[in-house]
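S.K.: Handing you this structure, nothing more for now.
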Amino acid sequence: MCDYSLHVYPNRLAAEGEELVLHRFGRASIGLASPSDLRPIITASSCDPTSKNSWSWTAIKEWFLANRPQGQPDKRTPAVCVPPGARLLLKDIPKGLQRELGVGQVEEVKFAEISAEVNTYRDAVRFKNGHQLVLQALREGQRITVLSLTPEEVGETAFSDLRAPLQERSRNSPTETAVGPRVGRAASFI
């Protein structure tokens, strides 16, 4: 969902179809944020020396908020949480990672939690080729689209690997061969 390091920030659940970006929270941990929640701190008009706007207490306060000492969280930007198994579209993958992982610039990935240990980064993405990467290894500013918040439906093929050993065992079992398979049949006692 949301990494342990983001517990001091407000958070919310992602929505399907939402566009997100990787954002560095408090100059430390990387997490997901909505671009609409990220406000520019300094705009071009605020730096224009010919501007008629004079400095105000609000402008001074915003300057101090933007330049706060490291370790104090910015409570304005909520972390966006994604459940494990959610399908995401990861964009802007750097060329070095593309070569290292054998992926393209845009890849469909699954969100995963790779650890339950305390004080350990656990949020990761798992690529279709089996490689996984913690969010901390990705680049700030990369874009992500939430395709689905629920894991893919488990298809019949997912159970075929589990069913094969059971079918083999039932062939060798004298009670199963005498009675027949019990799966999907109603018992008749008349």
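S.K.: Given the conditions (1) under 12 Å from the mean Cα position of the chain (by Cα); (2) modelled with pLDDT under 95, which single one is not true for Leu88?
M.R.: Only one criterion in (1) under 12 Å from the mean Cα position of the chain (by Cα); (2) modelled with pLDDT under 95 is unmet by Leu88, namely (2).
Matching residues to (1) at pLDDT 50 or above; (2) within 12 Å of the chain's Cα centre (by Cα); (3) loosely packed, with under 14 Cβ neighbours inside 10 Å; (4) under 30 Å from Cys2 (Cα atoms):
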| residue | (1), (2), (3), (4) |
| --- | --- |
| Leu97 | yes, no, no, yes |
| Arg126 | yes, yes, no, yes |
| Gly141 | yes, no, yes, yes |
| Pro181 | no, no, yes, no |
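S.K.: Being surrounded by 14 or more Cβ atoms within 10 Å (Cβ to Cβ) and either out of contact with any Gly (no Cβ under 8 Å at 6 or more places or on another chain) or at pLDDT 65 or above (or both) narrows it down to one residue among His7, His23; which is it?
M.R.: His23
S.K.: Which pairs turn up if I take residues in the range 120-132 that are closer than 11 Å to Val103 by Cα and of a type in the set (D, E, K, R) and look for partners that are loosely packed, with under 15 Cβ neighbours inside 10 Å and modelled with pLDDT of 90 or more with beta carbon separation below 7 Å, at least 6 apart in sequence or on another chain?
M.R.: Listed by first residue and then by second, the contacts come to Lys128/Glu108.
S.K.: Of the residues Thr145, Thr120, which is surrounded by 10 or more Cβ atoms within 10 Å (Cβ to Cβ), at pLDDT below 90 and β-branched (Val, Ile, Thr)?
M.R.: Thr120
S.K.: Where the second residue is surrounded by fewer than 13 Cβ atoms within 10 Å (Cβ to Cβ) and the first is assigned to a loop (DSSP other than H, G, I, E, B) and lies in the range 5-20, which pairs have Cβ atoms under 8 Å and are six or more apart or on separate chains?
M.R.: Partner pairs satisfying both residue conditions: Tyr9/Lys75; Pro10/Lys75.
S.K.: Can you name the number of the only condition in (1) buried (at least 18 other Cβ atoms within 10 Å of the Cβ); (2) at pLDDT below 80; (3) in contact with a helix residue (DSSP H, G or I) (Cβ under 6 Å, 6 or more places away or on another chain) that Ile30 fails?
M.R.: The single condition Ile30 does not satisfy is (2).
The values are calculated or read from the model by the stated rules, or taken from the named source; none is laboratory data. No experiment lies behind these values; they were computed from the predicted model shown. As a convention, Cβ positions derive from the backbone with ideal geometry for all residues, glycine included, and neighbour counts pool all protein chains shown.
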